[in-house]
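The next block holds one structure in the form of structure tokens; read it before the comments.
The values are calculated or read from the model by the stated rules, or taken from the named source; none is laboratory data. The structure presented is a predicted model; accordingly, all values stated were derived computationally and were not measured. FYI the Cβ positions are ideal-geometry reconstructions off the backbone, even for glycines, and counts take in every protein chain you see. Areas reflect the complete protein model, heavy atoms only, side chains present, ligands, DNA and RNA absent. Shrake-Rupley method; radii C 1.70, N 1.55, O 1.52, S 1.80 Å.
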Amino acid sequence: WGLALPEGGDYYGYSLALGSGEVTLLALANAYRALANGGGYGAVGAPPGERVLDAGTAFIIGDILSDANARTKTYGTDSLLTTPFWTAVKTGTSKDMRDNWVVGWSARYTVGVWVGNASGAPMWDVSGISGAAPIWARLMGHLHRALSSPAPQPPAELVQAAVRFGEQLEAPRREWFLPGTEQALFAL
């Protein structure tokens, strides 16, 4: 996806899955742009040409990242990440609070925002939702002041199925699945 890391995977270990590798904001936003383009990746400023992810997987990730209800436990019902138009968005905060970011996309735009101290000094009590999210939300609102952003249509091969959660962790709902991966019950 163009996320060049200065060290090999063994250097980061399992923490790489949680984002421990340092990348530029432009590279990170361009990786999210591949999700916005249904799994098609292109260099910054170029149209997507290489398929790095199937369209169904890209759609499901976007569906998850656009679910305002999934964010309510952490951010409340009136979060800055909840826009009046369709968006998918993700926040991040470094473990030592050095910086934070938000990357999200709409039907037309992919926007990344980084907030931090150039010196690398910690910003205590500033996370992605309180640091970068207000800027991201205002910018996306400005870009969409006269434009709608409809939700993408699911690829034909996806399956939507009812799901339940054990011990009433969440309300039953319908979720998207790749064919053959459907699961009716999620329990701890």
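A few notes on this one:
- Per-peptide average of other Cβ atoms within 10 Å, ordering 60-69, 175-184, 103-112 highest first: 103-112, 60-69, 175-184
- Percent carbon-and-sulfur accessible area, the stretch 1-155, ignoring ligands, DNA and RNA, probe 1.4 Å: 57
- Simple spin-label estimate for residue 85 and residue 127 gives 2.8 nm between the two label positions (7 Å along the Cα-to-Cβ direction from each Cα).
- Label positions at residue 161 and residue 64, each projected 7 Å from the Cα along the C-beta direction, are separated by 1.7 nm.
- For residue 121, net neighbour charge (Lys/Arg +1, Asp/Glu -1) across residues whose Cβ lies under 13 Å away: -1
- Helix-only CD estimate at 222 nm, as mean residue ellipticity for the chain, using -39500 (n - 2.57) per DSSP H run (n ≥ 4): -7000 deg cm²/dmol
- Cα centroid separation, the stretch 1-52 to the stretch 103-175 (Å): 17
- For a paramagnetic label modelled on residue 77 (point 7 Å from Cα along Cα→Cβ), amide N atoms under 13 Å away are absent within the stretch 109-139.
- Placing a label point 7 Å from the Cα of residue 51 along the Cα-to-Cβ line, the residues of the stretch 113-155 whose backbone N sits under 17 Å from it are 154-155.
- Per residue, the stretch 47-174 exposes 59 Å² of accessible surface when a 1.4 Å probe is rolled over the protein heavy atoms with every protein chain present.
- Were the residues from residue 17 through residue 169 laid out at 0.36 nm apart, the gain over their Cα-Cα distance would be 52.2 nm.
- Net length gained if the chain between residue 135 and residue 44 were fully extended (0.36 nm per residue, minus Cα distance): 30.6 nm
- Antiparallel DSSP beta bridges within the chain, percent to nearest 5: 90
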